[in-house]
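Report on one structure; see the data block that follows.
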Amino acid sequence: MMPDIEFAYPWVLYLLAIPAGMIIWYVLSFRTHSADIRYVHAEYVRDVKQSLRVSLRHLPFALRILVIIFIILTIARPQSSSSIHEESIEGIDIMIALDISGSMLAEDFQPNRMEAAKLTAMDFIDMRPNDRIGMTVFSGQSFTLCPLTTDHAMLKELAAGAGPGMVEDGTAIGDGLATAINRLRESDAASKVVVLLTDGINNTGVIDPLTAADMAALFDIRVYTIGVGSSGPVPYPFETPFGIQYRDVEIPVDEELLQEMADITGGRYHWAETKDALEQVYESIDEMETTVVEITEYARTADKYLIFLLPAMLLFVIEIILKYTWLRSVP
């Protein structure tokens, strides 16, 4: 495939009028050229077939025209240009700390809080294609579901399988945050963030949530806390000998604690009563934690005169060979 060609001296292309004029002159001269032998009756020569050499008598002139055209194009200095595009990304490392306690099965969100939280977290991951993102989960204990990675497809696949029952039940908010901090504390990213989502009150764990928040501040990690759930009683599925039965229960959220954790680290607390509100929370965090991209663009050119000069040389050699050998005696 021919590369995109530009000419350094495009005004030279006006010289293409020379071969055009030569063609016109040649055609007019051929038409007015008179034969050396005249016949009274055309019947004498009607059935005479021209030899291949005679049929090709115009070939040297055609080759000469092509040679001139290629030489003019070579003088115009053909070049190919390529645009160099470089990006310098100031990345953000983000850990999502997700509550997977049994209370997340409440169905005030559709289909329940757990699935809504995972789906919105996956949408948030898709918003951040240039960042390393990981996930920790917590209930009575906490663990790293996925370390920081740019393989967002793998992260989403692991997140899809998270849910209550993976560890003993409870709500260890401090442990969940501490596990996320441990994954971020040695990061060299320009910005380090934890997004912690819960629907309950800290009731177990080894590390106090405010102590974990102080640790986050020490490592310059911002914590965005999200409380989820509707106000008042919410439908919750209970397993009974007669199958799943629903009862309305209250699942309080310690908003004061989540607000204080966010304040200590320079983050922000959000409350989401619906799935739509939760989506807006993630969009708000995405806007606040922007990724800086520095773009450098410059052009590089390379001379491509050989693509015209070599054919010109080849055609000139062919013309000379034909003119002084096989077609030498053809008028």
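Looking at (1) at pLDDT 90 or above; (2) surrounded by 13 or more Cβ atoms within 10 Å (Cβ to Cβ), which one does Asp276 not meet, given that it meets all the others?
Against the list (1) at pLDDT 90 or above; (2) surrounded by 13 or more Cβ atoms within 10 Å (Cβ to Cβ), Asp276 comes up short only on (2).
Looking only at the range 2-27, filter to residues that are aliphatic (A, V, I, L, M) and touching a strand residue (DSSP E or B) at 6+ places or on another chain (Cβ under 9 Å); which one of those is nearest to Val67 (Cα to Cα)?
Leu13
Could you list, in sequence order, the residues of the range 165-181 that are among the hydroxyl-bearing types (Ser, Thr, Tyr) and in contact with a Gly (Cβ under 7 Å, 6 or more places away or on another chain)?
Listed by number, the list holds a single entry, Thr171.
Would you check which residues across the range 313-327 are assigned to a helix (DSSP H, G or I) and without any contact (Cβ under 8 Å) to a residue 60 or more places away in the chain and list them? Can you show your working first?
Step one: of the range 313-327, the residues assigned to a helix (DSSP H, G or I) are 313-324.
Selection gives Met313, Leu314, Val317, Ile320, Ile321, Tyr324.
Taking the residues in the range 231-246 that are among the β-branched types (Val, Ile, Thr) and loosely packed, with under 11 Cβ neighbours inside 10 Å as candidates, determine which candidate is nearest to the chain's Cα centre (by Cα).
Ile244
For the range 134-144, indicate whether the set of residues that are crowded, with 18+ Cβ neighbours inside 10 Å, touching a Ser or Thr at 6+ places or on another chain (Cβ under 8 Å) and part of a loop (DSSP other than H, G, I, E, B) is non-empty. First the steps, then the outcome.
Within the range 134-144, the first condition is being crowded, with 18+ Cβ neighbours inside 10 Å, and the residues that meet it are 134-139, 141-142.
Retained after the next criterion (residues that are touching a Ser or Thr at 6+ places or on another chain (Cβ under 8 Å)): 134-136, 138-139, 142.
Filter once more, keeping what is part of a loop (DSSP other than H, G, I, E, B): 139.
Yes, there is a match, as at least one residue in the range 134-144 is crowded, with 18+ Cβ neighbours inside 10 Å, touching a Ser or Thr at 6+ places or on another chain (Cβ under 8 Å) and part of a loop (DSSP other than H, G, I, E, B).
Select from the range 167-213 the residues that are of a type in the set (Asp, Glu) and within 37 Å of the chain's Cα centre (by Cα) and list them in ascending order.
Asp175, Glu186, Asp188, Asp199
Quick one: would you say Leu155 is modelled with pLDDT of 95 or more, buried (at least 22 other Cβ atoms within 10 Å of the Cβ) and touching a Cys at 6+ places or on another chain (Cβ under 6 Å)?
yes
Is one or more of the residues making up the range 106-117 buried (at least 21 other Cβ atoms within 10 Å of the Cβ) and out of contact with any helix residue (DSSP H, G or I) (no Cβ under 6 Å at 6 or more places or on another chain)?
Yes, there is a match, as at least one residue in the range 106-117 is buried (at least 21 other Cβ atoms within 10 Å of the Cβ) and out of contact with any helix residue (DSSP H, G or I) (no Cβ under 6 Å at 6 or more places or on another chain).
This table checks each residue for (1) hydrophobic (A, V, I, L, M, F, W, C); (2) under 30 Å from Gly170 (Cα atoms); (3) modelled with pLDDT of 85 or more.
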site: Ser29; (1), (2), (3): no, no, no
site: Ala62; (1), (2), (3): yes, no, yes
site: Ile94; (1), (2), (3): yes, yes, yes
site: Gly102; (1), (2), (3): no, yes, yes
site: Asp108; (1), (2), (3): no, yes, yes
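When you go through Arg268, Arg247 one by one, which is the residue that is under 25 Å from Asp131 (Cα atoms) and of a type outside the set (S, T, N, Q)?
Arg268
Can you tell me which residue within the range 247-271, out of those that are of a type in the set (Gly, Ala, Ser) and buried (at least 19 other Cβ atoms within 10 Å of the Cβ), is farthest from the chain's Cα centre (by Cα)?
Initial filter on the range 247-271 (of a type in the set (Gly, Ala, Ser)): 262, 266-267.
Checking the rest, the ones that are also buried (at least 19 other Cβ atoms within 10 Å of the Cβ) come to 262, 267.
Working: Ala262: 33, Gly267: 29 Å.
Out of the qualifying residues, it is Ala262.
Condition check: surrounded by 18 or more Cβ atoms within 10 Å (Cβ to Cβ) and assigned to a loop (DSSP other than H, G, I, E, B). Does Gly200 satisfy that?
yes
The values are calculated or read from the model by the stated rules, or taken from the named source; none is laboratory data. Please read these numbers as outputs of a predicted model, since none were measured by experiment. Heads up, the Cβs are rebuilt from the backbone with ideal geometry, glycines too, and the neighbour counts pull from every protein chain shown.
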